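Engineer: Structure in structure tokens, see below.
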Amino acid sequence: MPAFEALPGMPYWQDLITAEPQQAAYFYSKVLGWEVSQDAYRVARKDGLPVAGVVRAEQGVPAWVVYFLAGEEETVRRVEELGGAVVSSADVALGRMTVCQDPHGSIFGLIEPAGEDQFVAAGEPGVPVWYEYVAPSAAAIDFYGELFDWELRREGGYVLAEREGAPFAGLLLVSDPELAESAGFWSIYFGAEDALRGAHAVGEFGGEVVAGPETTVFGEIVVAQDPAGAGFFLCEVEQPRSEDARESDSILEL
């Protein structure tokens, strides 16, 4: 599996927060082909490359937390300057990880990796291929754009976050005031060689298919939940044609 060079301000890591880490490790190993360690902090790998962490939490709603690459310590300070909050920070084997809240209370993370090499798995089956934020307001979108210095390109109610002209995440503005109350969360799209087979695997190993497969501009999409209720997406993608790529390359061109 090729490793993609990460750039500051882009998605870099993801943790699954769940009360059932052993169950989650088994489920995702079957659905996404991961190998998951049995340590207290379980690290999931795809073809040997680290993809995600699985963290036990007895309280709270099971969920995925997206961590963005922090280029420097100033990024952490900027969170509060822009109206967000720093919840906690810890030094771990991966580096320094900081959990934050945006001004609307949505959880996200910052990570300063240990060492100089900063590579991620992205854009192919079994690993993240897209990230999406359901935004309760335009101000929520502006928060992330200012914090990470993203290039934001608006297409109607959908905003594309870009780096060097290549999109890597989407931000969906919810216009209905009633729906906006439940908005404010990040979702991860994991690649699948075949969306229909992926949907069958979700159900077979204890999860739930909420919707799909459905044809979109990104390909066939499945909305799913793991056995504990953490939501995620499957997105049908092909194996990349070239190993000479970066995380900022558009998945639409892989």
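The values are calculated or read from the model by the stated rules, or taken from the named source; none is laboratory data. Remember, predicted model here, so these are calculated numbers, not experimental data. Every residue, glycine as well, gets a Cβ built from its backbone with ideal geometry; the counts of neighbours run over all protein chains shown. The protein model used for the area step is the full one, side chains on, heavy atoms only, and it has no ligands, DNA or RNA in it. Shrake-Rupley method; radii C 1.70, N 1.55, O 1.52, S 1.80 Å.
Engineer: Could you please find all residues in the stretch 78-102 being under 20 Å from the mean Cα position of the chain (by Cα) and not small (Gly, Ala, Ser)?
Structural biologist: Within the stretch 78-102, 79, 86, 87, 92, 94, 96, 97, 98, 99, 100, 101, 102 qualify.
Engineer: Report the residue count in the stretch 1-58 for those that are free of Cβ contacts under 8 Å to residues at least 24 places away in the same chain and within 24 Å of residue 201 (Cα to Cα).
Structural biologist: Narrowing the stretch 1-58 to residues free of Cβ contacts under 8 Å to residues at least 24 places away in the same chain: 22, 29, 35-40, 42-45.
Retained after the next criterion (residues that are within 24 Å of residue 201 (Cα to Cα)): 22, 29, 35-38, 42-45.
Total meeting the criteria: 10.
Engineer: Right, next: For residue 190, only one of the following conditions fails: (1) crowded, with 16+ Cβ neighbours inside 10 Å; (2) at pLDDT below 95. What is its number?
Structural biologist: The one condition residue 190 does not meet is (2).
Engineer: Could I ask something else about it? What number of residues in the stretch 132-147 are buried (at least 21 other Cβ atoms within 10 Å of the Cβ) and in a loop (DSSP other than H, G, I, E, B)?
Structural biologist: Within the stretch 132-147, residues that are buried (at least 21 other Cβ atoms within 10 Å of the Cβ) and in a loop (DSSP other than H, G, I, E, B) number 1.
Engineer: State whether one or more residues within the stretch 94-101 are of a type in the set (D, E, K, R) and out of contact with any Ser or Thr (no Cβ under 8 Å at 6 or more places or on another chain). I'd like the intermediate steps shown before the answer.
Structural biologist: Restricting attention to the stretch 94-101, the residues satisfying the condition of being of a type in the set (D, E, K, R) are 96.
Narrowing further to those that are out of contact with any Ser or Thr (no Cβ under 8 Å at 6 or more places or on another chain): none.
There is no residue in the stretch 94-101 that is of a type in the set (D, E, K, R) and out of contact with any Ser or Thr (no Cβ under 8 Å at 6 or more places or on another chain).
Engineer: Residues to consider are 31, 65, 43; find the one that is assigned to a strand (DSSP E or B), open to solvent by less than 40 Å² (accessible area, probe 1.4 Å) and more than 25 Å from residue 150 (Cβ to Cβ). Walk me through how you get there before you give the answer.
Structural biologist: Details: 31 fails: assigned to a strand (DSSP E or B); 65 fails: more than 25 Å from residue 150 (Cβ to Cβ).
Matching residue, one of 31, 65, 43: 43.
Engineer: Which residues, counting only those in the stretch 67-80, are in contact with a Leu (Cβ under 9 Å, 6 or more places away or on another chain) and free of Cβ contacts under 8 Å to residues at least 60 places away in the same chain? Walk me through how you get there before you give the answer.
Structural biologist: Just the residues of the stretch 67-80 that are in contact with a Leu (Cβ under 9 Å, 6 or more places away or on another chain), to begin with: 67-71, 75-76, 78-79.
If the condition is that a residue be in contact with a Leu (Cβ under 9 Å, 6 or more places away or on another chain) and free of Cβ contacts under 8 Å to residues at least 60 places away in the same chain, then 67, 76 are the ones that fit.
Engineer: May I ask you to verify whether residue 203 is surrounded by fewer than 18 Cβ atoms within 10 Å (Cβ to Cβ), in a helix (DSSP H, G or I) and modelled with pLDDT of 90 or more?
Structural biologist: Numbers: surrounded by fewer than 18 Cβ atoms within 10 Å (Cβ to Cβ): yes; in a helix (DSSP H, G or I): yes; modelled with pLDDT of 90 or more: yes.
Here the answer is yes, as residue 203 does meet what is asked.
Engineer: Take the residues in the stretch 68-106 that are assigned to a helix (DSSP H, G or I) and not aliphatic (A, V, I, L, M), then tell me which one is farthest from residue 21 (Cα to Cα).
Structural biologist: Residues of the stretch 68-106 that are assigned to a helix (DSSP H, G or I), as a first pass: 74-81.
From what's left, not aliphatic (A, V, I, L, M): 74-75, 77-78, 80-81.
Numbers: 74: 33, 75: 30, 77: 32, 78: 33, 80: 32, 81: 35 Å.
Among those residues, the one meeting the criterion is 81.
Engineer: What's the number of the only condition in (1) within 20 Å of the chain's Cα centre (by Cα); (2) more than 22 Å from residue 132 (Cα to Cα); (3) not aliphatic (A, V, I, L, M) that residue 75 fails to meet?
Structural biologist: Residue 75 satisfies every listed condition except (2).
Engineer: Out of the stretch 46-61, which residues are open to solvent by less than 30 Å² (accessible area, probe 1.4 Å) and over 17 Å from residue 98 (Cα atoms)? Steps first, please.
Structural biologist: Keep residues of the stretch 46-61 that are open to solvent by less than 30 Å² (accessible area, probe 1.4 Å), which gives 51-54, 57.
Answer for the stretch 46-61, where residues must be open to solvent by less than 30 Å² (accessible area, probe 1.4 Å) and over 17 Å from residue 98 (Cα atoms): just 51.
Engineer: Now a separate question. Of the residues 82, 16, 7, which is in contact with a strand residue (DSSP E or B) (Cβ under 9 Å, 6 or more places away or on another chain), aliphatic (A, V, I, L, M), open to solvent by less than 50 Å² (accessible area, probe 1.4 Å) and modelled with pLDDT of 90 or more? Spell out how you get there, then give the answer.
Structural biologist: Working: 82 fails: in contact with a strand residue (DSSP E or B) (Cβ under 9 Å, 6 or more places away or on another chain); 7 fails: modelled with pLDDT of 90 or more.
Every option except 16 fails the conditions.
Engineer: Take the residues in the stretch 85-107 that are touching an Asp or Glu at 6+ places or on another chain (Cβ under 9 Å) and of a type in the set (Gly, Ala, Ser), then tell me which one is least open to solvent (accessible area, probe 1.4 Å).
Structural biologist: This residue is 95.
Engineer: Looking at (1) at pLDDT below 85; (2) crowded, with 18+ Cβ neighbours inside 10 Å, find the lone condition where residue 117 falls short.
Structural biologist: (2)
Engineer: Is it the case that residue 34 is out of contact with any Lys or Arg (no Cβ under 7 Å at 6 or more places or on another chain), modelled with pLDDT of 95 or more, of a type outside the set (Ser, Thr, Tyr) and on the phi < 0 side of the Ramachandran plot?
Structural biologist: Numbers: out of contact with any Lys or Arg (no Cβ under 7 Å at 6 or more places or on another chain): no; modelled with pLDDT of 95 or more: yes; of a type outside the set (Ser, Thr, Tyr): yes; on the phi < 0 side of the Ramachandran plot: yes.
For residue 34, the condition - out of contact with any Lys or Arg (no Cβ under 7 Å at 6 or more places or on another chain), modelled with pLDDT of 95 or more, of a type outside the set (Ser, Thr, Tyr) and on the phi < 0 side of the Ramachandran plot - is not met.
Engineer: Given 129, 51, which one is of a type outside the set (Ser, Thr, Tyr), assigned to a strand (DSSP E or B) and in contact with a helix residue (DSSP H, G or I) (Cβ under 6 Å, 6 or more places away or on another chain)? Write out each step before concluding.
Structural biologist: Values: 51 fails: in contact with a helix residue (DSSP H, G or I) (Cβ under 6 Å, 6 or more places away or on another chain).
Going through 129, 51 in turn, just one is of a type outside the set (Ser, Thr, Tyr), assigned to a strand (DSSP E or B) and in contact with a helix residue (DSSP H, G or I) (Cβ under 6 Å, 6 or more places away or on another chain): 129.
Engineer: Continuing with the same structure: Just the residues that are β-branched (Val, Ile, Thr) and closer than 18 Å to residue 63 by Cα, please, taken from the stretch 186-217. Outline the logic, then answer.
Structural biologist: First, the residues of the stretch 186-217 that are β-branched (Val, Ile, Thr): 188, 202, 209-210, 215-217.
If the condition is that a residue be β-branched (Val, Ile, Thr) and closer than 18 Å to residue 63 by Cα, then 188, 202, 209, 210 are the ones that fit.
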